[in-house]
Amino acid sequence: MTAPKTLYDKIWDAHVVHQADDGTCLLYIDRHLVHEVTSPQAFEGLRMTGRKVRAPEKTIAVPDHNVPTTLDRAEEIKDEQSRIQVEALRKNARDFGVEMYDVDDVRQGIVHIIGPEQGWTQPGMTIVCGDSHTATHGAFGALAHGIGTSEVEHVLATQTLIQKKSKNMLVKVEGELPPGVTAKDITLTVIGRTGTAGGNGHVIEYAGSAIRALSVEGRMTVCNMAIEGGARAGLIAPDEKTFAYVKGRPHAPKGDAWEDALAYWKTMTSDEGAHYDKIIEIDASEIVPVVTWGTSPEDVLPITGVVPSPSDFTGGKVEAAKRSLDYMGLTPGQKLSEIEIDTVFIGSCTNGRIEDLREVAKVMEGKKVKAGLRAMIVPGSGLVRAQAEEEGIAQKLQEAGFEWRMAGCSMCLGMNPDQLAEGERCASTSNRNFEGRQGYKGRTHLVSPGMAAAAAITGRLTDVRDLA
Amino acid sequence: MEKFTTLTGIAAPLPLVNIDTDMIIPKQFLKTIKRSGLGVNLFDEMRYERDGSEKPDFVLNQPAYRDAEVLVAGENFGCGSSREHAPWAIKDFGIRCVIAPSFADIFFNNCFKNGILPIALPQETVDILMKDAEKGANARMTVDLENQQITTSDGQIFAFDVDPFRKHCLMEGLDDIGLTMERAPDIDAYEKRLAAERPWA
């Protein structure tokens, strides 16, 4: 009898092309997603060496980071460097035979939203992209992680990666989430608990009844931020919800192939008694709506809390907290729910899916964005945008005072015109609150979509439960 | 790839934890389609005022550290975005070795693809090396990859670990893709098996 395996062990074992004596493996890659920022040098490398893309049919390209989210998609991008990057992607996709969802295609969107949406993302696969939030796809029980540009070139040329196996970490969230608490609060709470380096060297499997109870969209939110916890990949075992999500999508298996795939996918769970190197257990009923106060995603506190003092920390974190407080313009002891904001950003690969927009619409029911506040909604893809329009959500949110924009990464990282001005403070559904992330000297508080909506109503960080 | 064997140079101290890749190279510099020329914008927001003038306090702007080839930093160095522009910028500046108590996985991996040696050492050891780096330009540190040891300016020696395969690639300046291409028959065989066992993939 073979030893019980984790889901990660199973996917890993099924993809080893070659294993060297020292344990270094050549791992086969099933899907490669490519965007405009981290790929030009990789394609250039192929050209310089006369190499081809080994499996163009397993590779998809989409521009997202640089793309303006204003409504004038037919026009050229005004920023010259951004335009050149998108044009380079277009040329590379054409020259190397890779399918691309271009800016004027309704299927265009953030790479981690359209992979699942188009059915490219499937259980049991290995998926990579030159983007750290590739972890998102782990929500389907796929081993998915970010890579650098050299590795993008490596995968393009060989459809493999040179890897050593990571350790297994289990994050078990049992119980029922209280009202107003969402997948975003789970994932932030985990990071708050483990720290941004807690998952270094590990692949995290999220399990437990609270994870099972999440929709596939919610699971994507959880896995998306595995990287903020230091883990390159997050995983959730696929179940009936996963299969129902994948079924019928353009690139999902069809007919007999579907039945065969389904039978295989059902084996993609961790065996009873499988070994984990690290286990974290969290009681879902104790999770509350959280916000970040600092400039690291581990700076997580309940919205009911107060801004901490550097003396609350030890080691290098004391200096880091001082620096964060200074950057964020906050005073220890200040109530988090009294922090006033200028901007609300709803979108990103963390929270730019239809379920997130529904959550925002629910909180906004009968309410308005506070006068003078900038509040923007950037759907994660053209199809999410279209669906929200069909459901009437788009119109309601515009009437409530939100800007309704085109799909892209937008203000999550400000590589496009959507940025915070110096000193501006934002309640953001994105994933990183780093210095300068959303704009030079911009201040970011990470929150769930519902919490972002609550902040839009009151103009300050707000406990969404108080508005119910 | 440029080989890494032994390096003797100035080490710059940057005693901050969680230095993320947005700090190392901010987003506006990711719009390049080249790998070179990013060194001038390494640590851009920490290093320059908005008008482009230098912040004199920042370590790499101080006369003693302008030619640093080693960086000593706090834990979880290189966290965040997968951007390889971070190691490209570090290398372009002239830094070939980063020493910290721990590194984020993707950054760590990216370093080896670019002839940069990242060394993880216990906090106590990094503290000693940080102190050594704080001595300035006269205190040169030696990093010897072959013998896996660091020698401080006052002759203290610290051993470090490195993955044997990565060490081999760094010392020989090997191109990963070329190595993997030699395994083409294995990849062909795998794809045949895949087509039979999981044709939908």
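The values are calculated or read from the model by the stated rules, or taken from the named source; none is laboratory data. Keep in mind it's a predicted model, so treat the numbers as computed, not measured. Heads up, the Cβs are rebuilt from the backbone with ideal geometry, glycines too, and the neighbour counts pull from every protein chain shown. We work out accessible area using only protein heavy atoms, side chains counted, and drop any ligands, DNA or RNA first. Shrake-Rupley method; radii C 1.70, N 1.55, O 1.52, S 1.80 Å.
Please give the charge dipole size of the stretch B:6-172, origin at the Cα centre, charges +1 on K and R Cβ atoms and -1 on D and E Cβ atoms. Round to the nearest 20 debye. Can you show the working numbers first?
Details: 17 positive and 24 negative charges, 117 e Å.
In total the dipole reaches around 560 debye.
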- [ ] Identify the residues of the stretch A:427-442 with backbone N under 14 Å of a label point that sits 7 angstrom from the Cα of B:ARG50 along the Cα-to-Cβ direction, or state none.
- [x] A:436, A:439-442
Open item on the list: Please list 3J(HN,Hα) in residue order for the stretch B:27-35, calculated via the Karplus relation 6.51 cos²θ - 1.76 cosθ + 1.60 where θ = phi - 60°; whole Hz, with x for glycine and proline.
Closed with: 3, 5, 8, 8, 7, 6, 10, 10, 9
Task: Area buried, chain A against chain B - accessible surface, total, 1.4 angstrom probe, square angstrom - done: 5400 Å²
- [ ] Evaluate E = 1/(1 + (r/R0)^6) for A:LYS367 and B:ASN147, where r is the Cβ-Cβ distance and R0 equals 51 Å; express this FRET efficiency to the nearest 0.05.
- [x] 0.15
Task: Amide H partners (placed H, <5 Å) of A:ARG460, local residues excluded - done: A:ILE341
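Antiparallel versus total DSSP beta bridges in the stretch B:6-172: what percent is that, nearest 5? Working shown, then result.
Values: 12 of 25 bridges.
Given both bridge residues lie in the stretch B:6-172, the antiparallel proportion sits at roughly 50 percent.
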- [ ] Pick out which of B:ILE19, B:ILE116, B:ILE90 has the largest mean-square fluctuation in a Gaussian network model of chain B, springs linking Cα atoms closer than 10 Å.
- [x] B:ILE19
Open item on the list: Which of rounded, prolate or oblate describes the stretch B:6-172 when judged by the alpha-carbon gyration tensor and an a/c cut-off of 1.5?
Closed with: oblate
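Give me the dipole magnitude in Debye, nearest 20, for the stretch A:273-387 about the Cα centre, with unit charges on the beta carbon: positive for Lys and Arg, negative for Asp and Glu.
Numbers: 13 positive and 16 negative charges, 119 e Å.
For the stretch A:273-387, the charge dipole is close to 580 debye.
Given 0.36 nm per residue, what is the gain on full extension from A:ALA386 to A:GLU338 after removing their alpha carbon distance, in nm? If you can, show how the numbers build up before the last one.
Working: separation 48, 0.36 × 48 = 17.28 nm, distance 3.58 nm.
That pair, A:ALA386 and A:GLU338, stretches by 13.7 nm at full extension.
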TODO: Report ³J(HN,Hα) in whole Hz for each residue of the stretch A:282-289, in order, from the Karplus equation J = 6.51 cos²θ - 1.76 cosθ + 1.60 where θ = phi - 60°; Gly and Pro get x.
DONE: 10, 8, 4, 5, 8, 7, 10, x
Task: Amide H partners (placed H, <5 Å) of B:VAL98, local residues excluded - done: B:LEU71, B:LEU117, B:ILE119
TODO: Extending each Cα 7 Å along its Cβ direction at A:LEU467 and A:LYS441, get the distance between those two points in nm, one decimal.
DONE: 3.0 nm
Open item on the list: With the crude spin-label approximation of a point 7 Å out along Cα→Cβ, what separation in nm comes out for A:ALA263 versus A:LYS91?
Closed with: 4.9 nm
Open item on the list: Using a 10 Å cut-off around each Cβ of peptide A:289-298, what is the average number of partner chain Cβ atoms that fall inside?
Closed with: 2
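Tell me whether the protein assembly as shown comes out rounded, prolate or oblate; compute the Cα gyration tensor, take square roots of the eigenvalues as a ≥ b ≥ c, and use a/c under 1.5 as the rounded threshold. Could you put the intermediate results ahead of the total?
Details: a/c = 1.42, a/b = 1.09, b/c = 1.29.
Taking the square roots of the gyration eigenvalues as a ≥ b ≥ c, the protein assembly as shown is rounded.
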Open item on the list: What lysines does A:LYS172 reach when the alpha-carbon gap must be under 16 Å and sequence neighbours fewer than 8 apart in one chain are set aside?
Closed with: A:LYS184, A:LYS278
Open item on the list: With just the Cα atoms defining each centre, how far is the stretch A:441-468 from the stretch B:32-64? Give it in Å.
Closed with: 35 Å
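What net charge do the residues around A:GLU338 carry, taking every other residue with its C-beta under 12 Å from that of A:GLU338, with Lys and Arg at +1 and Asp and Glu at -1? Let's see the in-between values first.
Numbers: positive: A:LYS335, A:ARG460; negative: A:GLU340, A:ASP463.
Taking every Cβ under 12 Å from that of A:GLU338, the sum is 0.
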- [ ] Enumerate the amide H contacts of A:ILE280 below 5 Å, restricted to partners 5 or more residues apart or on another chain; note that Pro and chain-start residues carry no placed amide H.
- [x] A:LEU170, A:VAL171, A:LYS172
Task: B:ASP188-A:ASP13 pseudo-label distance in nm [points 7 Å out on the Cα-to-Cβ vector] - done: 2.9 nm
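Past the 23 Å Cα-Cα mark, which pairs from A:LYS322/A:LYS441; B:LYS131/B:LYS167; A:LYS58/A:LYS167? Could the numbers behind the result be given before it?
Working: A:LYS322/A:LYS441 16 Å; B:LYS131/B:LYS167 27 Å; A:LYS58/A:LYS167 27 Å.
Check vs 23 Å cut-off fails for B:LYS131/B:LYS167; A:LYS58/A:LYS167.
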TODO: Quantify, in whole percent, the carbon and sulfur part of the accessible surface of chain A (1.4 Å probe; protein heavy atoms only).
DONE: 50 percent
Task: Straight-distance crosslink candidates among aspartates and glutamates, where the alpha carbon sits under 15 Å from B:LYS192 and sequence neighbours closer than 8 are dropped - done: A:ASP30
Open item on the list: I need the shape label for the stretch A:106-256. Rule: rounded when a/c is under 1.5, else prolate if a/b > b/c, else oblate, with a, b, c from the alpha carbon gyration tensor.
Closed with: oblate
Open item on the list: What aspartates and glutamates does A:LYS368 reach when the alpha-carbon gap must be under 17 Å and sequence neighbours fewer than 8 apart in one chain are set aside?
Closed with: A:GLU340, A:ASP342, A:GLU359, A:GLU399, A:GLU403, A:ASP463, A:ASP466
TODO: State the answer as a single residue: which of B:GLN28, B:ALA133, B:TYR48 lies farthest towards the positive end of the charge dipole of the stretch B:1-149, with beta carbon charges of +1 for Lys and Arg and -1 for Asp and Glu, about the Cα centre.
DONE: B:GLN28
Open item on the list: With θ taken as phi - 60° and the coefficients 6.51, -1.76 and 1.60, list the Karplus ³J(HN,Hα) couplings across the stretch A:113-123 in order, rounded to whole Hz; mark glycine and proline as x.
Closed with: 8, 7, x, x, 4, 8, x, 5, 7, 9, x
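If you roll a 1.4 Å probe over the heavy atoms of the protein chains, what accessible area per residue do you get for the protein assembly as shown, in Å²? Display every interim value, and only then the final one.
Numbers: 23700 Å² over 669 residues.
It amounts to 35 Å² per residue over the protein assembly as shown.
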TODO: Treating only the Cβ atoms of Lys and Arg (+1) and Asp and Glu (-1) as charged, compute the dipole magnitude of the protein assembly as shown about its Cα centre; round to the nearest 20 debye.
DONE: 580 debye
Open item on the list: Run lengths n ≥ 4 of DSSP H only: what is the helix-derived mean residue ellipticity at 222 nm for chain A, with -39500 (n - 2.57) per run over all residues, to the nearest 500?
Closed with: -9000 deg cm²/dmol
Open item on the list: Going by Cα centres, the stretch A:118-150 and the stretch B:81-135 are how many Å apart?
Closed with: 26 Å
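Given a 1.4 angstrom probe, I'd like the percentage of the accessible area of chain B that is carbon and sulfur, rounded to a whole number. If you can, show how the numbers build up before the last one.
Values: 3910 of 8060 Å².
Carbon plus sulfur share of accessible area: 48 percent.
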- [ ] Name the most mobile residue of B:SER53, B:SER82, B:SER102, meaning the one with the largest mean-square fluctuation, in a Gaussian network model of chain B with Cα contacts below 10 Å.
- [x] B:SER53
Task: Potential extension, A:GLU75-A:ASP277 segment - 0.36 nm per residue separation minus Cα distance - done: 67.5 nm
